[in-house]
């Protein structure tokens, strides 16, 4: 009979904890799909995705404006955050001294710990009036939301890009310098291309973070059910639609909100799977 040791018991406990996490994710997935799929089947997947009108009282469910709003804000956030995040990660990984790295990197990562409602409050009190007075529109817009989300996803992209750059072997840098390249040329032509897979994965994970944000978006985006044609247009995203209406929804309306969650779930899972494959390919 096999002897049961303390390590065996600890291993079993850790296995159960890991399986419980997977089980919880499985149950959440089953619940969301079970609640949302009936409306999708009733309305038709194509009609649900491409519909332009959202009128729950008449059981008309079309989420194209919300999909467009989500992707517009996500794209704007990436335009704001990616250049800054890439520059910060290159500086920290290649040019900063130890003291500067120990100060700046935790400061950037601290941004991830600030509650999203604080970002939303700053956006409402500072950005929205500034956009309204000096740029145009009513202030609640794709532009304002993109600026706020760009700051919110900055720590995610910076941290992962930094790790990708630091993982590049020193021989890449030494080889470029030995060929007569300057330090910046070595980073530009050797280090960054070698870390490109990790950087791309960081951007994709940042996209998932941006498209899944709720509170700051509700406060700044304007929550209008239109397809944005300008950065100054107000929009409603998939997440904000669920958060705004779930409190009073019932029947088909409630199922339609779960169906919206199904679409959001698929989008975020696709982004995460894509990022994981890029990272795994880089490791191989």
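Observations on the model:
- Cα centroid of region 1-65 to Cα centroid of region 172-235, whole Å: 28 Å
- Choice from 230, 21, 89 with maximal GNM fluctuation in the chain (Cα, 10 Å cutoff): 21
- Rounded to 10°, Cα long-axis angle of helix 64-90 versus longest principal axis of the chain: 20 degrees
- Between 0 and 90°, nearest 10: helix 98-110 axis offset from the chain longest Cα axis: 10 degrees
- Potential extension, residue 196-residue 79 segment - 0.36 nm per residue separation minus Cα distance: 40.4 nm
- Within a Gaussian network of the chain (alpha carbon springs, distance under 10 Å), most fluctuating of 219, 152, 100: 100
- Extended-chain gain in nm, criterion 0.36 nm per residue less alpha-carbon gap, residue 252 and residue 99: 49.3 nm
- Gaussian network model of the chain, Cα within-10 Å springs - most flexible of 26, 71, 84: 26
- An oblate overall shape is assigned to region 22-93, the ratio a/c of its alpha-carbon gyration tensor axes (a ≥ b ≥ c) being 1.5 or greater and a/b not exceeding b/c.
- Look at (1) 66, 52, 33; (2) 73, 65, 31; (3) 76, 70, 32: the one that is Cα extents along the principal axes in Å derived from this structure is (3).
- Between residue 55 and residue 183, the distance separating the two model label sites (each 7 Å from Cα on the Cα→Cβ line) works out to 6.5 nm.
- Virtual spin-label span in nm between residue 174 and residue 25, 7 Å along Cα→Cβ: 3.9 nm
- Between region 119-169 and region 242-276, the Cα center-to-center distance that results, in Å: 23 Å
- Computed [θ] at 222 nm, deg cm²/dmol, the chain (DSSP H ≥ 4; -39,500 (n - 2.57); rounded to nearest 500): -23000 deg cm²/dmol
- R0 of 35 Å, Cβ-Cβ distance residue 12-residue 245: FRET efficiency to nearest 0.05: 0.20
- With respect to the chain, whose longest principal axis is taken over its alpha-carbon atoms, helix 196-211 is tilted by about 30°.
Taken together, the values in this text are just the output of simple stated rules run on the coordinates, not laboratory data. Just so you know, these numbers come straight off a predicted model, no measurement behind them. Note: ideal-geometry Cβ built from the backbone for every residue, glycine included; neighbour counts use all protein chains shown.
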